[in-house]
Amino acid sequence: MSELLSVTRAMELVLDYAGSVGTEAVDLTMAAGRILQQTIRAERAQPPYDRVMMDGIAFRHGSGPTLVSHGIQRAGAPGQILPEGHVCLEVMTGAVLPEGADTVVPVERLVREGRLICFQEGYEPCKGQFVHRRGSDCTTGTELLAPGCRLDGPALAVLAGNGHAQVSVSRIPSIGIVATGDELVDVSAPVRDWEIRRSNEYALTGALLSRGFNCIERSVVPDDLAETVVALREQLSRHDVLILSGGVSMGAFDHVPKALSKIGVERVFHKVAQRPGKPLWFGVGPEGQRVFGLPGNPVSATTCGVRYVMPMLLAGQGLCRPEPYMVMLDAEVDLIPTLTRFLPVKIRHDAAGQALATPCPMPTSGDFSFLASTDGFVELPFGEGVASRGTAAMFHGW
Ligand code: AMP
Ligand code: MG
């Protein structure tokens, strides 16, 4: 067993602080992708009236096969009354079934001569056909959406269909991404031979935006303890969550843990038994702000962001926890005796629809050039030997 904190335990500790950022009311037009925080019940029975399901005629079963048209019952008009006798009303899909009628015959099954309408030769309608009965989908007050669901298209339709122009959803936390490192330059600045462009903040921004976290501020601090203290104190006062990149390893200029302790951020853990991402740091600020110190190496930062930061943020939204997504290894993989291995993979599906993960090991945790050709990573428990082809593994998508 490793002496370092296990991935499972580290995640439990992070989730202990997931908290909740509260709720807010948003307009339906702005609610897509948000996490619902109220129960939505049927405003009335669905359908609210006996609904005609085909363009055709409505009549009293048994009164055919030749009927006289008594007029038209269109959608959006109050229901008419069908007189006694061999009569019908011409009806449109979505119309109210006329009172006195019980059956609909579609227009394709009819032959017309002036006001006389006849069933096609040999056609025998079943009583009640093509009538969508009032309340057959749900009755008034039926629970349609529960708190914790993500508002996708069908959920938005339910909100609209039940009169919710506004809806209560989880507030989106304010997130500060802070990059550290004197060697880093901006994407649009000239870059000298001994410098590299900052990229981690964009990997993290991508992961956040694709999960609906759009309240992000990016900033940069140099590798200087005093300046890091000032910058982090300021960032801490402005955000619910800080995601720092770099400066948490053992180097002489890795000031992040010290700076965080100086501004009252309490360390929950530092270092996890995993590769990449062993130096991961996590702590909690004086007002409950969650602070992640991600190792600066791009593969480590991206992986730890997806493995720890995103699940915590989603848990804070009250999202009903999805089942882990399992895939099957498509090749044998070396395990690491004391560390959980996060291995980038490409996903494809075999003819039976089984998700297969092709390992794409990055030579080092700093080599991120080919990460973009992968779909995410699999999580392999520490152990001796190999995980053979066909082993099931938990998959985390970028
Ligand atoms: P550190 O964790 O600060 O020791 O950084 C480890 C490695 O990651 C160094 O090679 C850094 O240049 C690189 N690195 C740190 N921060 C970033 C960043 N924001 N974007 C890209 N690379 C980074
Ligand atoms: Mg650094």
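Any chance you could tell me what percent of the C-alpha pair distances in the range 1-112 go past 21 Å? Walk me through the intermediate numbers first.
On the way: 3711 of 6216 pairs.
I get 60 percent for the Cα pairs in the range 1-112 exceeding 21 Å.
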Quiz item: When the convex hull of the C-alpha atoms of the range 131-222 is computed, what volume per residue in Å³ does it have?
Solution: 140
Exercise. Mind running the shape call on the range 325-397? Use the C-alpha gyration tensor, a ≥ b ≥ c as the square roots of the eigenvalues: rounded below 1.5 for a/c, prolate if a/b tops b/c, oblate otherwise.
Key: oblate
Exercise. Show the residues, 5+ positions off or on another chain, whose built amide H is closer than 5 Å to the amide H of Leu356.
Key: Met328, Arg348, His349, Asp350
Self-check item: Cα-derived Rg over Rh, computed across the chain with Rh taken as Kirkwood radius
Solution: 1.20
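I'd like the Kirkwood hydrodynamic radius of the range 218-370, using the inverse of the mean 1/r over distinct C-alpha pairs, in Å.
Numbers: mean 1/r = 0.0582 Å⁻¹.
About 17.2 Å for the range 218-370.
Counting alpha carbon pairs within less than 8 Å and at least 6 residues apart, what relative contact order, in whole percent, applies to the chain? Can you show the working numbers first?
Numbers: 888 pairs, mean separation 63.8, N = 398.
Relative contact order, the chain: 16 percent.
If you take the alpha carbon radius of gyration of the range 296-337 and divide it by 2.2 N^0.38 Å, what ratio comes out, to two decimals?
On the way: Rg = 14.0 Å, N = 42, 2.2 N^0.38 = 9.1 Å.
This ratio for the range 296-337 stands at 1.54.
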Quiz prompt | Within the range 252-296: backbone nitrogen closer than 18 Å to the Cys215 label point (7 Å, Cα to C-beta) | solution = 285-292
Exercise. Counting only DSSP beta bridges with both residues in the chain, tell me the antiparallel percent, nearest 5.
Key: 65
Exercise. Could you go through the range 113-128 in sequence order and give the Karplus-derived ³J(HN,Hα) for each residue, using 6.51 cos²θ - 1.76 cosθ + 1.60 with θ = phi - 60°, rounded to whole Hz, and x for Gly and Pro?
Key: 9, x, 8, 8, 10, 10, 5, 4, 3, x, 6, 10, x, 8, 4, x
Quiz item: Angle between the Cα long axis of helix 200-210 and the longest principal axis of the chain, 0 to 90 degrees, nearest 10?
Solution: 20
Exercise. Taking amide H positions as placed in the peptide plane 1.01 Å from N, state which residues far from Ala45 in sequence (5 or more) or on other chains have amide H under 5 Å from it.
Key: Thr140
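Can you sort His61, His164 by how many other beta carbons sit within 10 Å, fewest first? Write down the numbers at each step before the final one.
On the way: His61 13, His164 17.
If I rank by nearby Cβ atoms, fewest first, I get His61, His164.
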Exercise. Run the numbers on the range 325-397 and let me know its relative contact order in percent, using alpha-carbon pairs under 8 Å that are six or more apart.
Key: 48
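Under 9 Å from the Cβ of Thr340, count the other residues' Cβ atoms, weight Lys and Arg +1, Asp and Glu -1, and hand me the total. Provide the component values of the computation, followed by the final result.
Numbers: positive: Arg275, Arg341; negative: Glu379.
That works out to +1.
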Practice problem: Work the Kirkwood hydrodynamic radius out for the range 202-254: mean of 1/r over every pair of different alpha-carbon atoms, inverted, in Å. | Solution: 12.5
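Order by neighbour count: His255, His349, fewest other Cβ atoms within 10 Å first, most last.
Working: His255 24, His349 10.
Ordered by Cβ neighbours within 10 Å, fewest first: His349, His255.
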Quiz prompt | Set of the range 294-312 residues, backbone N closer than 19 Å to the point 7 Å along the Cα-Cβ line of His270 | solution = 294-297, 301
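Full extension from Leu13 to Ser369: what is 0.36 nm times the residue separation minus their Cα-Cα distance, to one decimal in nm?
Roughly 125.0 nm would be gained on extension.
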Quiz item: Where the only charges are on Cβ atoms (+1 Lys, Arg; -1 Asp, Glu), what is the dipole of the chain about its Cα centre, to the nearest 20 debye?
Solution: 460
Exercise. List Phe395, Phe292 from most exposed to least, where exposure is judged by having the fewest other Cβ atoms within 10 Å.
Key: Phe395, Phe292
Quiz item: What does the charge add up to near Ala259, with Lys and Arg as +1, Asp and Glu as -1, over the other residues with Cβ less than 13 Å from its Cβ?
Solution: -1
Quiz item: Once the other residues with Cβ under 13 Å from the Cβ of Arg150 are scored (Lys, Arg +1; Asp, Glu -1), what is the net sum?
Solution: +2
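Each reported figure results from applying straightforward, stated rules to the coordinates on display, with no laboratory input. Computed from a predicted model, the values in this text were never measured in an experiment. Methodologically, a virtual Cβ is constructed for each residue, glycine included, from the backbone with ideal geometry; neighbour enumeration extends over all protein chains shown.
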